[in-house]
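The block underneath contains the structure these notes are about, expressed in structure tokens.
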2 protein chains.
Amino acid sequence: MTDRHEMWKELGMDLEAHDTLCAVLPTAFGDIFLSQENRPEGMAFYDMVVSDIHGIRPAELIEEQKRGRKIFGTFCLYVPDEIIVAADGIVTGLCGGSQFWVPDGEKVLPKNVCPLIKASVGARLGRTCPFFRIADMYVGETTCDGKKKAWEILGEDVPLHIMDMPQMKRVKDIEKWIGEIKEFKQVVETFTGHEVTAENLHAAIVLLNKRRKAMARVYACRKADPIPISGKDVLLMTQIAFFDDPQRCADQANALAEELERRIDAGIGVFPKGTKRILLTGTPMAIPNWKMHHIIETSGAAVVCEECCTGTRYVEHLVDERPMMMEGQLQALADRYMKNNCACFTPNKGRIDDIIRLAEAYHADGVIDVNLKFCTLYDTEKRDVKRALKAAGIPVLSLETDYDDTDAEQLRTRVEAFIEMLG
Amino acid sequence: MTDRHEMWKELGMDLEAHDTLCAVLPTAFGDIFLSQENRPEGMAFYDMVVSDIHGIRPAELIEEQKRGRKIFGTFCLYVPDEIIVAADGIVTGLCGGSQFWVPDGEKVLPKNVCPLIKASVGARLGRTCPFFRIADMYVGETTCDGKKKAWEILGEDVPLHIMDMPQMKRVKDIEKWIGEIKEFKQVVETFTGHEVTAENLHAAIVLLNKRRKAMARVYACRKADPIPISGKDVLLMTQIAFFDDPQRCADQANALAEELERRIDAGIGVFPKGTKRILLTGTPMAIPNWKMHHIIETSGAAVVCEECCTGTRYVEHLVDERPMMMEGQLQALADRYMKNNCACFTPNKGRIDDIIRLAEAYHADGVIDVNLKFCTLYDTEKRDVKRALKAAGIPVLSLETDYDDTDAEQLRTRVEAFIEMLG
């Protein structure tokens with residue numbers, strides 16, 4: 001494997017601290033992923049990416065920067081990738097998924113903030129993630145309290161644009177969101193030096209729809225029994241999509257989907273037919289957060305769908321490709337993005353509908369609603385989720401977790417009891 | 001004192017639980033307020049109100065309801081009272097300030113939510129506060145995560161309108177806020193059956209400015225040394241203002257201010273000249289939360305100003321009275337309300353400027369920045385507040401507190417050390 005230390009050094013990273021992260025990841029990945037039996041061959045690409053996760057893609061991004069392209073780091077599904085891609089910019093997700101980064105985040109943020117935000121801030125300020133160093137501009141949004149305040153801290157260290165999310169979903173809120181996308185378009189144009197035109201925006205919409213369709217095709221294969229791919233592996237594909245080139249992401253996902261479709265035809269699965277099927281819902285699982293999937297899939301069940309930002313919300317709902325003029329395209333973008341039902345909205349009844357719809361579509365035997373500690377939004381919605389699922393006759397388990405592993409055994413005990421209860 | 005049990009029963013209250021609250025309040029009030037020496041005579045009104053806090057004003061409100069007037073319960077300074085008053089409605093604050101209500105809130109909300117929100121929800125659902133029973137409609141806003149989700153729970157039990165706050169303060173955000181005020185106006189008109197006209201809105205603007213001016217006059221007296229009134233007493237006046245009739249509130253505040261001005265002329269104070277002067281900043285202190293003031297003022301210092309929602313934000317900044325047409329009036333309202341610098345905005349540099357300006361204006365020797373547990377917004381801003389005050393050469397102490405009293409002695413130790421350090 002190429003030695004990346006020179007590149008990391010040029011990025012101003014803390015090499016010593018970063019080496020300790022690099023030392024533990026391969027073992028964790030091996031234990032969690034490579035121990036699985038009968039994995040689809042299409043996963044080889046993702047395994048390769050993870051094996052050099054702070055090397056391959058960062059090196060590509062640096063090459064693109066040398067050609068004059070700008071890299072935008074984002075933290076939320078509501079930020080429309082299409083605008084960035086249209087202006088020949090590159091999007092990279094920047095959500096921290098490891099406890100490794102949390103202590104550096106806690107130097108500037110209260111402990112009572114969710115680990116995802118603490119890890120994201122820590123990864124930047126601790127200089128221990130190349131993606132956080134490479135991004136030329138960060139794009140924030142006003143989804144939750146923790147993020148709203150985190151931008152003020154990150155903004156002292158890196159150029160940062162904030163999109164003001166509406167907190168409701170009335171017609172005028174969608175209009176407000178169009179206004180935010182318009183402003184974002186101007187910011188991106190100025191920053192990249194490339195105008196966003198109806199033509200390049202159309203191409204970007206088509207490209208990102210292609211990515212959605214390819215990934216959704218993989219997701220759809222999980223409706224089969226036996227299930228041709230583990231939940232973990234689909235989560236990994238999804239997590240890597242946030243960092244990858246969209247065309248390559250679509251190609252890899254399509255190749256994987258073809259393989260899975262052949263498996264379904266042949267009745268091949270990675271779990272025995274009849275394995276209990278779990279729909280996960282709740283807070284996002286940023287790479288390398290594989291904790292809940294690993295616990296569930298080593299407790300006798302399979303994760304068949306994730307109703308969350310690192311799940312269906314990323315792959316569902318295409319942007320309408322028909323409008324060929326800017327106004328219609330911006331409207332189509334706002335319409336599509338506002339179809340996502342994050343707990344940051346009030347009310348957020350649409351999420352309940354999504355969970356029930358997906359539980360039925362994926363033939364889930366039960367739902368596990370898991371939220372990251374100190375996420376007030378998802379934590380509060382647990383009550384509604386539980387009530388609605390009970391009314392629909394779908395068993396549900398509500399859990400809270402943190403990035404560290406101290407709660408793993410306790411979670412496992414509860415998950416095992418839940419799966420057993422599913423009969 | 002009139003027995004109010006019949007009224008409370010008609011309000012559907014839990015009389016038994018409520019009696020336990022009524023049993024402890026007078027002792028707490030006596031210990032904290034009546035033990036003070038040389039209090040202004042003008043405080044007699046507020047003492048009288050507190051002595052029958054769940055009786056006098058609730059009885060008045062019920063009388064007004066019988067005359068057909070509607071009562072609107074609000075939770076936030078950004079909701080414009082003027083609209084409600086113009087439509088002949090009555091505003092009552094509904095923020096819970098006692099640990100008594102927290103357990104009932106925790107039945108439906110996560111423990112990791114700030115006590116103010118838990119107490120507010122608990123006071124409603126536990127049926128242990130007449131104001132929460134009397135209000136015909138609640139008005140929520142999207143200031144923070146906890147509130148956004150609390151509205152969904154409260155909205156199942158009571159008519160509730162939500163105003164979507166912008167999370168930033170650019171020109172277009174003020175415009176958005178005007179749109180929200182317009183919608184609110186329609187909701188209030190429909191609910192009360194009274195049209196809001198330029199005439200009655202003008203009268204409401206003048207009336208509520210009168211209240212602000214009268215209260216600000218009391219606040220201004222605290223700039224004197226010796227200080228003619230304790231911080232506790234001003235806090236009490238402010239807390240009661242949220243519930244009181246605006247005209248009476250203005251009259252009482254003006255009477256109190258006159259007395260304080262005479263005291264200043266005569267060099268009369270409630271603390272010895274030279275007593276260390278503290279500016280409090282942070283989360284709101286809803287009645288009966290008198291904890292920090294009591295600790296500070298029994299530790300050798302005086303609270304001379306509160307930069308918070310139960311402080312200067314309620315009394316500063318008049319609405320421009322010159323516009324006589326609806327459009328101009330709504331703009332003036334939006335402009336005035338957006339001058340408040342709540343930590344829910346990103347960025348919120350204006351609050352830092354306010355703290356420094358007020359610390360200088362009130363000749364503060366030090367600032368105590370206190371936030372309620374699990375308020376991510378104020379908790380995160382502590383870092384900026386501390387940094388800015390250090391740069392300005394103003395000593396600062398950052399504290400966190402909860403509604404229960406278990407942390408009181410620990411807080412006292414830290415406050416005493418801070419005051420001692422002020423020399």
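Quick note: the coordinates plus some simple rules give every number you see, no bench work behind them. Everything numeric in this text was worked out from a predicted model, so none of it was measured. Cβ: placed from backbone, ideal geometry, glycine included. Neighbour counts: every protein chain shown.
Observations on the model:
- Counting the residues of the range A:163-190 that are among the basic types (Lys, Arg), touching a helix residue (DSSP H, G or I) at 6+ places or on another chain (Cβ under 7 Å) and buried (at least 18 other Cβ atoms within 10 Å of the Cβ) gives 2.
- The number of residues in the range A:44-70 being farther than 20 Å from residue A:137 by Cα and of a type in the set (Asp, Glu) comes to 2.
- Enumerated helices (runs of 4 or more DSSP H) restricted to the range B:1-111, each holding at least 3 residues that are of a type in the set (Phe, Trp, Tyr) and crowded, with 22+ Cβ neighbours inside 10 Å: none
- Selection count, the range B:214-273, where residues are surrounded by fewer than 23 Cβ atoms within 10 Å (Cβ to Cβ), of a type in the set (Gly, Ala, Ser) and closer than 22 Å to residue B:131 by Cβ: 1
- Residues that are within 25 Å of residue A:147 (Cβ to Cβ), over 21 Å from the mean Cα position of the chain (by Cα), away from chain B (no Cβ under 11 Å) and surrounded by fewer than 18 Cβ atoms within 10 Å (Cβ to Cβ) occur at least once in the range A:191-205.
- Checking each residue in the range A:70-114 for being within 14 Å of chain B (Cβ to nearest Cβ) and either over 24 Å from residue A:249 (Cβ atoms) or not aromatic (Phe, Trp, Tyr) (or both) picks out A:76, A:105, A:106, A:107, A:108, A:109, A:110, A:111, A:112, A:113, A:114.
- Residue satisfying condition, being in contact (Cβ under 8 Å) with a residue 24 or more places away in the chain, surrounded by fewer than 19 Cβ atoms within 10 Å (Cβ to Cβ) and farther than 29 Å from residue A:160 by Cα, within set B:316, B:360: B:316
- Number of the exception - residue A:185 against (1) assigned to a loop (DSSP other than H, G, I, E, B); (2) under 24 Å from residue A:339 (Cα atoms): (1)
- The residue that is surrounded by the most Cβ atoms within 10 Å (Cβ to Cβ), counting only those in the range B:121-139 that are touching a residue at least 40 places away in the same chain (Cβ under 8 Å) and within 14 Å of chain A (Cβ to nearest Cβ), is B:139.
So that you can scan it fast, the table gives a plain yes or no per residue for (1) within 21 Å of residue B:164 (Cα to Cα); (2) of a type in the set (A, V, I, L, M, F, W, C); (3) touching a Leu at 6+ places or on another chain (Cβ under 6 Å):
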site	(1), (2), (3)
B:78	yes, no, no
B:82	yes, no, yes
B:99	no, no, no
B:102	no, yes, no
B:105	no, no, no
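- Scanning the range B:34-88 for residues that are in contact (Cβ under 8 Å) with a residue 12 or more places away in the chain and among the hydroxyl-bearing types (Ser, Thr, Tyr), we see that the one that is farthest from residue B:193 (Cα to Cα) is B:51.
- Only residues that are farther than 30 Å from residue A:179 by Cα and within 14 Å of chain B (Cβ to nearest Cβ) were counted in the range A:334-369, giving 1.
- Residues that are touching a residue at least 60 places away in the same chain (Cβ under 8 Å) and touching a Pro at 6+ places or on another chain (Cβ under 7 Å) occur at least once in the range A:176-192.
- In the range B:140-179, the residues that are over 19 Å from residue B:123 (Cα atoms), part of a helix (DSSP H, G or I) and within 9 Å of chain A (Cβ to nearest Cβ): B:145, B:172, B:173, B:176, B:179
- Cβ-Cβ distances below 9 Å connect the following pairs, each with a first residue in the range A:371-392 that is facing chain B (nearest Cβ under 8 Å), a second residue that is part of a helix (DSSP H, G or I) and of a type in the set (S, T, N, Q), and a separation of six or more residues or different chains: A:374/B:376; A:376/B:376.
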